[in-house]
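Enquirer: This is the structure, below, for whatever I ask next.
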Amino acid sequence: MKVVVIGAGFSGIIAGIRFPQRMRDLDLTIYDKNAGVGGTWYSNKYPGLACDIPSHCYQLTFEENTQWSAFYAPGPEIRAYLESVVEKYKLMRYIKLQHELVHARFDEETCKWHLKLRRPVFGSAPADEQFEVFEDTADFVLAGLGGLSRWKWPDIEGLETVKSWGEKKVGVVGVGSSALQIVPALQPHVKTIYNYVRGKTWLSPPFASDKMADLMKLGPSVDNYVFSEDDKASFKDPANYKEFRHGLESQLNAVHFATIKGSEMQNAARQAFKENMIKRLEKKPWIADHLIPDFAVACRRLTPGPGYLEALCQDNVKFTPTNIKKVTETGIELVDGTHHDLDIIVCATGYDTTFQYPFPIIGRGGKTLNERFSPHPQTYLSVCSDGFPNWFMSLGPNSGVGSGSLLVIIERQIDYAVAAAIKMQRERLKSIEVKKEAVADFDEYLEHYFQTTVYSEKCRSWYKMGKEEGRVVGLWPGSCLHAVRSLERPRWEDFNYESLDATRNRFYWLGDGSTHNEKYLVGDRAWYLNPEEVDIPPGPEAPLYDHKAVFLYFSEIGVKVMPRRVKLSRL
């Protein structure tokens, strides 16, 4: 079975591990447009680039790194971590770099995807690099295109007229996650920074820092803690590190109800964050009036932004809440007529998060995925959409989370796609396609769920495709743990199938009643006795039916014992 993965970021790397691990007779290729692996961690190289959740929570469940340098890992370390995973699992045998997808079309007769890819012509000089387009086909495609991989320039007049750069006076446009990292990184090294801010945002105390301080017996005030050599040595003890990592992740997954409108946790967070921001802005208290929002905590992407507020208080940083009129050849002009002469302008204004891709993906009936995702994306559990058989997604629409670990969700999305490919292979299916009504039901659930959350309040956010109001397309409708449980067991009844064989009998795939190993007397013919296959029940001191565990499981996935319900009009 031929599987093609698009992208070699976290999604593509996990796919490169799981597909070969779980499938036989597999022809796997991973294409990536960049010259190196890492996805967004390869593409982004700006000053101060770092993870904005604890580094020990930003790693694969099965591939621990005990040697992160700081509580918030710098970008180059994360990229190095990904490169080490690629090396450990020898994934370069599957990965083809500088291969950019430019066109994808589903052939309804053969049920194969026809892919056009752009790559450099072999031997062409970098100074005058030539490109060629070639075609490949796939039985199954996993699109790990990512939501933060397509830069979006701000709509500011004259931006294209900038001609020269210097090293002294810098303008940073924006107040999102990137700007919050760039400003403190540049502040000590430049003469002046103007930070142009048109909106407001909440800055949180460092996520789970209190829990880390408790686990490591540190003082109560921990910002971006730098781990000592003794800390790293202690993490090499598996039991100690397991307790440390588990404690951090548990704490990170404890704040979901802060995202619910009017909840006690939301109200407490709002008061605590306001007090924290005011305290950190003591030297320039007037900034708080322009920065602290009226909307709820987490309506916009929440980030701790270590060092940002402190940088704003420095003499060489000019916080500028006046809107920009245009960019000139020598700097920036504001709407009030003020002009700032600048040597460098940094547009920290985010990405295109509309899920409108810069190349056509053509499904059944000639309809493109961009059309299917207009006016907003519609998917099934964020992993696929009707009209696009054999095309699954990781980190597509409604995949992100407002709290918790994003990477465990990516892992589960990959697991889901692998399970679908295995089902196709095992049951000799030509296509697997989610039912239109299943997509509609999930879309209805999304619509009703987000009305109960702070994400529906008026604030400009990439969660809502960069708009102040509208459909939330960036987030999963629930907590991180809710997403993990929801993706755990596929509902195959929500899909339509086409058989590879011209037969009506659904059990044609059972073959001649024998398995390969016994038919050809090869391999293991008692595999069911292997430790990984044997399911050993608990001893007599533990009940065979754990009522508490079952109750907790159904509580986590929201069945019958939900502390809060999402009301659907037709249910």
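The values are calculated or read from the model by the stated rules, or taken from the named source; none is laboratory data. Computed from a predicted structure; not experimentally measured. Neighbour counts are summed over all protein chains in view; Cβ atoms, including those assigned to glycine, are modelled from backbone coordinates with ideal geometry. Side chains included, ligands, DNA and RNA excluded: accessible areas come from the protein's heavy atoms. Shrake-Rupley method; radii C 1.70, N 1.55, O 1.52, S 1.80 Å.
Enquirer: Relative to the longest principal axis of the chain, what angle (0 to 90°, nearest 10) does the C-alpha long axis of helix 10-22 take?
Expert: Taking the Cα atoms of the chain, the angle to 10-22 is about 20 degrees.
Enquirer: I would also like to ask the following. Would you list which lysines come within 24 Å of LYS519, measuring only between C-alpha atoms, while excluding same-chain residues fewer than 8 positions from it?
Expert: LYS423
Enquirer: With axes computed from alpha carbons, what is the tilt in degrees of helix 406-426 against the longest principal axis of the chain, rounded to the nearest 10 within 0 to 90?
Expert: 20 degrees
Enquirer: Then there is this: Explain nothing, just compute: Karplus ³J(HN,Hα) = 6.51 cos²θ - 1.76 cosθ + 1.60, θ = phi - 60°, for every residue of segment 465-475 in order, whole Hz, x for Gly and Pro.
Expert: Values per residue, Gly and Pro as x: 6, x, 9, 6, 9, x, 5, 7, 10, x, 10 Hz.
Enquirer: Given LYS168/LYS325; LYS33/LYS169; LYS261/LYS283; LYS45/LYS458; LYS200/LYS326; LYS191/LYS232, which pairs have Cα atoms separated by over 30 Å?
Expert: Long pairs (Cα-Cα over 30 Å): LYS33/LYS169; LYS261/LYS283; LYS45/LYS458; LYS191/LYS232.
Enquirer: DSSP loop chymotrypsin sites (Phe, Trp or Tyr not before Pro) in segment 464-535 with at most 16 other Cβ atoms within 10 Å of their Cβ, which ones?
Expert: Listed in order of number, the matching sites are PHE507.
Enquirer: Okay, moving on. Per the chain: cysteines with no other Cys C-beta under 4.7 angstrom?
Expert: Cys with no partner Cβ under 4.7 Å: CYS51, CYS57, CYS111, CYS313, CYS347, CYS384, CYS480.
Enquirer: Find, among the chymotrypsin sites (Phe, Trp or Tyr not before Pro) in segment 12-71, those assigned to loop by DSSP (not H, G, I, E, B) with at most 13 other beta-carbon atoms within 10 angstrom.
Expert: Qualifying residues, ordered by number: PHE62.
Enquirer: Report, in degrees rounded to the nearest 10, the 0 to 90 angle that the Cα long axis of helix 264-280 makes with the longest principal axis of the chain.
Expert: It works out to around 40 degrees.
Enquirer: Counting only protein heavy atoms, what percent of the accessible surface of segment 267-330 is carbon or sulfur at a 1.4 Å probe?
Expert: Looking at segment 267-330 in its full context, I get 47 percent from C and S.
Enquirer: Also, quick follow-up: In segment 174-208, what trypsin sites (Lys or Arg not before Pro) fall in a loop by DSSP, with at most 16 other Cβ atoms inside 10 Å?
Expert: Within segment 174-208, the qualifying trypsin sites (Lys or Arg not before Pro) (loop, at most 16 other Cβ atoms within 10 Å) are LYS191, ARG198.
Enquirer: If you count the DSSP beta bridges with both ends in the chain, what percent of them are antiparallel, to the nearest 5?
Expert: Taking every DSSP beta bridge within the chain, about 50 percent pair in antiparallel fashion.
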